[in-house]
Each structure stands twice: as structure tokens, then as C-alpha cells.
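Below is one structure, written out as C-alpha cells, with a few remarks after it.
The values are calculated or read from the model by the stated rules, or taken from the named source; none is laboratory data. Not measured: the values here are computed from a predicted model. All Cβ positions, glycine included, derive from the backbone under ideal geometry; neighbour counts span all protein chains shown. What goes into the accessible areas is simple: the full protein's heavy atoms, side chains included, and nothing from ligands, DNA or RNA. Shrake-Rupley method; radii C 1.70, N 1.55, O 1.52, S 1.80 Å.
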Amino acid sequence: MDNLILCHVAAVTRRYSSYNCLTSWDSYDKIPRVRVEYYVNENTFKERLQLYFIKNQRSSLRIRIADLIFKLLACVLYILRVITDTNPTYATCYSCMISNKSEFLASAELTEEEFQENPIINWEAILWVNRPTVLWAVQLILALVSLTEAVLLTYLGYKGNIWQQILSFHFILELITTIPFALTILWPPLRNLFIPIFLNCWLAKRSLENMFNDLHRAMQKSQSALSQQLTILSATLLCLVFTSVCGIQHFQRAGHRHLNLFQSTYYVVVTFSTVGYGDFVPDIWPSQLYMVIMICVALIVLPTQFEQLAFTWMERQKLGGSYSSHRAQSEKHVVVCSTTLHADTIMDFLNEFYAHPLLQDYYVVLLSPMELDTTMRMILQVPIWAQRVIYIQGSCLKDGDLARARMNEAEACFILAARNYADKTAADEHTILRSWAVKDFAPNVPQYVQIFRPEHKLHVKFAEHVVCEDEFKYALLANNCTCPGASTLVTLLLHTSRGQEGQQSPEEWHRLYGKCSGNEIYHIVLGDSRFFGEYENKSFTYASFHSHRKYGVALVGVRPAELPEFYEDTILLNPGPRHIMKKDDTCYYMSITKEENSAFVVNQNQQQQNLEANTQKETTTIPTTANENPTSVIISESKQNFKDTTVTSTDATYTSAATTTTGAIIPINASLAMNLCATSGPSFHSGLGNTLGIGMVTSTTTSNHLDVPQAGNPNLLSPDILNQRRGSRRPSILPVPDMFTSSSFSITGNEDGDEGDESDDEVEDDVPWRSPSEKIA
């Protein structure tokens, strides 16, 4: 239908007779061409010259560069003329006779005081110089070119006030350095006339300033204002020194103390630095007057330049500068984009970011449109942050600011939520726009975005990770309802702390809470761990209980090395007493710091006290079932399994389910008890059971979750065991008693020893419990 309409329009208008419809344009070359001529307003000759010399950016830049080269070349030729002019005493005009110099030569025999009272100055040495013909020709050509350019630019820049153009400082300098050379064409004796060509250095400085402006326009590159001001200040200092050096060297030609360029430079530098050694002193008043004038000029020009530089530096301090490209290539950095810079927010981010050991060498670039307040300035001046945190004032919506932060070369970009908005939706919209801008500028840089509303996560799904504050907050509150304290636990685990908070408080619970708030979750392979290495082939509950009693660490989860396919990348949280710890299992535990950063210190005093206590123990006897005499077994606590408790079993009676065996009473003295207690690792309880089991054939054992696992333990991951465990209840490890039994003794919470393997909490808890492995199965 659309093709028919287009064909009908073409037929009516008759303008496309060669093409009946658009579909007939089967190739790009067959589309008819229309020549369009663009007319400009610069029709006159002056307007065309203005377009080329001033308005056109690239042509104007070329002219500025050529003018700079001409001025610098003129200064070089002046230095060359000074080097070749070795006998200034007999200087005179071109093709002129040398005047009588006898009086001047006789004054050289006078003392310094006599010469100062009646100075004789060789004025011809000041007025005339020895200039070779070739050098004169080159300087003449440069002078004519510079004069033509200066007059032309003055004419093109005329806007109604011609005297303002003529009486400008730089135009007068152009006339002084070029008109005398034009006069030498009319009168040849003027070829040796002294012309202050060294003043071209000031014209070169002006061309350099104009070139910066044209360079920014033509190349679309913004140079640092501070570096530009430093360049101009350096050029001003160089012009002052060069002008003073050439001037004092030329005026000293008329005296008896001739100075070369090096000596003149030394004298000028020593004079401007207010040192004044006095080894070189001008001996005639024209030289002395010239130096007074140059010092006055320096006192007028330099403060103005320093003021501009200081102002630019202060403005740059507010903007924060930029991240150098050299540092971006050699160092790693991340960019943090934030609308507001609150001290608490930034400090939390920095503390959490640098808490990871692998991020210590990273630089953090803060990109924000807001200026630093006093608090943030003080924070960034702290040595720990001053060397690693760089502030840049700018917006993520501007490509120039992203380029200053070297976003393309960043390792990651963190976009924090805009908290200065009362409307959370508006804040998320601002965050999304910033994320899109960063994605467009640096598509390969991973983004970590923080937003408020869950429904806005869709707009930043390309980000590496999105943290939704409301979603996370409400999830914590919901879990806190089902498990009280979950929000506090997660908050403390996520917040980096050294456990030093509240240690000066008189309240004990303040100190305990502050100390425990420093716990974080770490992981280590059981075979490489000193915390859990001794619990190989023990149950998870046994390892968790004893490692907490011994080292103060909390084993909360484990990832077995060998798992079925449906257990891939699964961490078992508190899998219960039936999980047997293997050497290749990865243990997840809570501690103040990771095991690699821990120091193990053995308390020698406590060991000595335990040794003395063990020597005072009574002889231990074990009754047989035939005698049925109640006897207590007293075993001192092992340093490798417990801290401060002594384990006692009273009224321990050993019976057999099928047979009864008689035996003799075996005395166990204190040394035997100490040897049993010194046994460490997995062999402790099994060795104890074997030692105490002399004369026994079979014993009845209680199934307690702290028992040493037997050799015949079934595979917990087999389908049969999983089906058997579906109706089981979760064992509790909270009310852990101080007394325990192994294959020959059991844990008892009272003197009767009839508690069994269930605590009071387990008896009251009738809700069946399913382990994480069962839920997955």
C-alpha cells in the first residue's frame, strides 16, 4: 500500500520521471544527486582575510605557530650576533671610519674609585654593533615578514578605535624590532645599528598564549588551566631573565668590564635571587640604571602572574584535578560516583573496600559534583587516605569528567544512591541515568549500583551487581521475625570492625558485644588448618564445640570436597553430628581475624597448674559388671580439647547387651590419667576407650552428638540415610554440659547421668528438622 501511494505521488508531480517508484532505486548510485552551494557572508577581501587569519580555527592556529617560530628564530639570531661580536671597543657604523679611542683606553688604567668619579663611556659601542652581511639579510627578511603580519592583523582586528590598536604594547614592540631594519635598506650605514631584537621574546610569549586558545578550539582538547598558568609564568620569568641578560651584556660593552652571555646570566640570576655575591658589578651608570628598571618591571609583572597562578590553583583544589593517564596505566583504580559526599558514607565505603587484603594497592577516585566540605577535606588529608583516595569534582553525565577520572581504564565503577532526594523514585531515576552514562562511555567496566526501589532493578540489569536497599532491608526484617537477631547478626558480619568498640565501658555486656561485633566469616581447608586439623574424622558438632572451647572460633558451615552433582557449590550450614569432617573439607568459621593472621600462644602458667592438679587426683578404678560396685572415673582435662574444665564421670556402669564378662578391677593412677589426657587429635577418645575397655568384650554406647564417630559410620549422603533422617529432630548444641562420655562414658548434665543424647530444648521441640542436604535431595 505504501509503495502504491509513493508511486502515485511520483506520477502526479512528474519530478521523478525516470523513477516510477522508490522501489526501483535498487542501488545507492542510482539515487539522483542535487548540487547544493553554500554561501557565506564573507564576500569582501577583508572578510575573507578575517576568516583565514582569525575566524578559522585551524588556519589561525597555523599562523600563531609560524609567528612563534619567527620570534624565537629572531632571538636565536640575536644570540648568534652577540657571540660573533668579539671586539665592541671599535664598533662603528657600516663602512665608516673608527673614531679616536685613546681617551677611553687611557681610562682603563684608572682605579675603580677614580673611574666612578669621572666615568668615560664608549657610547659608540652602545649605538653600533658588528653585524655580518649574511646575518643582516636574514634578520631583515624576518623583520619584514613580522612587520607585514603585525600590520595586517592590526587592520583585520580594527573595530572603530585605530589608536587603541596602534598604541598597544605588543604593536609598539613590533615597530621597535622591525622598522629599524626597514630603514637599513634606505641608508646602508644603518646596517650596524643596534636593534633590541631580544624584545621579540615578549612577542613570542604573546603568540604562545594565543596559540593555547586556538589549540583548544581546533583540537577540541581542554588543557589543564593550572598547567597553562604554569607555562605562562615560566615564559614570563624566562622573558625577564633573557631581557635582563641581553640588556646588561649590551650596556657593559661601553665600559671596561665586558661580560659574555654566561657571565651576564650568572649576574642576573644572582641579582634577582637577592643573593648578590658582588663578583660581577656593572661599572657604568647606563648598566646600573637598566638593572634598576628591570627589577622594577619584575616587581610589577611577577606578582600579577603569581596571583593568577594562585587563583587557578585554588580553583583546581575545588575541582580536585584529574587522574593521570600514566598512573592509570601503571596502577589499578576504581571510580566511586556519588551525588553527595557525606563523611560517614565515604568512610564506610573506604573502610569496607580496603578491608579486603587484595584491594590494598587500588586507588579510589571519588567523582562527585559537590565541593568538599571541611570534614571531607580533613579526612582526605589523613596519610592513609591521602595516598590512595583522589577527589575529582564532576558529573557522571559529562564525558569530560569521566575522561578525567579515566573511567575507561577503571577496574570497576561504584554508583552510590543519591541520598539528597526526598523522593526515592527520583533518586533512583538519577542513579539510573548516571549508570547509563557510564555504560555508554565505558561499556566494559563492571558496575556496582545501589538503588532504593526493587522495581527499578530492571533498568540497570546490565550492571555486575545491583544492591537494592529496600529489598535488602525488608528481607532482613522478615528473617528477623522468623529468627530473632538475624538482622543484627548480618549487620555485624557485613560491617568491618576490629572488635575494639566498647572495651572501655564499665558494662560487661558492652565489652562483650563490642568484642564479638568484630567477628567475620573466613574459610580454610581442614587439612591446612590448626583450628580444625585435629578434628579430622570427627563429627561436625564435635569439631564446632571443641574448636570454640579451645580457640574461641565458631565453626558454622562446611563444604565437603566430594559431593553428588546436586550438591555443586553448596555450603552446608550446621549439617549436624552425622557429618564427618574430612581432610579436604572447606571449613567456614567466624573469628576476629583469619587463622593465617593469628598467633598461637600457650599459657605456661595454666599448664603448670593443671599438672599440679593432676598429681593430686585419686586413683581411678573401673568395676566390672560382676562386682557391680560403683566407681568414679576421674580424668583431667586435656589442653588440646578443653580450656578450664575437669571431666568427671560418676557411677559409670558398663554392661553388655548380649553377654556378661567378669574381670578384675584395674587401678589407674594419676600418671596414667595424665597420659590419657595428653593424647591429642582423633586418637584421644578412641585410645581412652581402648585403655578403659580392658576386660570388656562389648559395651552399650549412647548416641550423643558429641561422641567420637565410629569406624562403621554410614555414608550420610546415601539415599537410605537421607530417608531415615527425614523425620529426625535437629540436635541442639546450646546446653553443652561439662561432663562427657565416649564409648566407655557419656555426657551427663546431672549426677545421675540419665540425660541421654537429648537436651531439654530438644525434648520440648517436636518440630521435625531437615538438614540442608535433605532439602536439596
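Pairs linking a residue in the stretch 459-481 that is in a helix (DSSP H, G or I) to a residue that is surrounded by 14 or more Cβ atoms within 10 Å (Cβ to Cβ) and among the small types (G, A, S), with Cβ atoms under 6 Å and 6 or more positions apart or on different chains, are V460/S435; L476/S487; N479/A486; N480/A486; N480/S487. Checked against (1) modelled with pLDDT of 90 or more; (2) surrounded by fewer than 11 Cβ atoms within 10 Å (Cβ to Cβ), T541 passes all but condition (2). So, I384, is that one modelled with pLDDT under 90, open to solvent by 10 Å² or more (accessible area, probe 1.4 Å), within 17 Å of S338 (Cβ to Cβ) and in a helix (DSSP H, G or I) or not? In short, no. Condition (residue is in the same structural domain as L359 (by the TED database), within 25 Å of the chain's Cα centre (by Cα) and either over 30 Å from H326 (Cα atoms) or surrounded by fewer than 17 Cβ atoms within 10 Å (Cβ to Cβ) (or both)) applied to the stretch 454-462: is it met by at least one residue? Yes, the stretch 454-462 has at least one match. Does V525 satisfy being closer than 30 Å to E409 by Cβ and surrounded by 14 or more Cβ atoms within 10 Å (Cβ to Cβ)? Considered against the rule, which asks whether it is closer than 30 Å to E409 by Cβ and surrounded by 14 or more Cβ atoms within 10 Å (Cβ to Cβ), V525 comes out as no. Which of the residues spanning the stretch 281-312 are open to solvent by less than 70 Å² (accessible area, probe 1.4 Å), within 18 Å of Q263 (Cβ to Cβ) and part of a helix (DSSP H, G or I)? Hits for the stretch 281-312 are P286, S287, Y290, M291, M294.
Restricting the stretch 195-224 to residues that are open to solvent by less than 80 Å² (accessible area, probe 1.4 Å) and among the hydroxyl-bearing types (S, T, Y) leaves a set whose member that is modelled with the lowest pLDDT is S224. Taking the listed residues D401, D423, the one that is touching a Gly at 6+ places or on another chain (Cβ under 9 Å) and not assigned by the TED database to the domain that holds T593 is D401, with no other qualifying.
The combined condition, being out of contact with any Leu (no Cβ under 6 Å at 6 or more places or on another chain), assigned to a loop (DSSP other than H, G, I, E, B) and either small (G, A, S) or on the phi > 0 side of the Ramachandran plot (or both), is fulfilled by A418.
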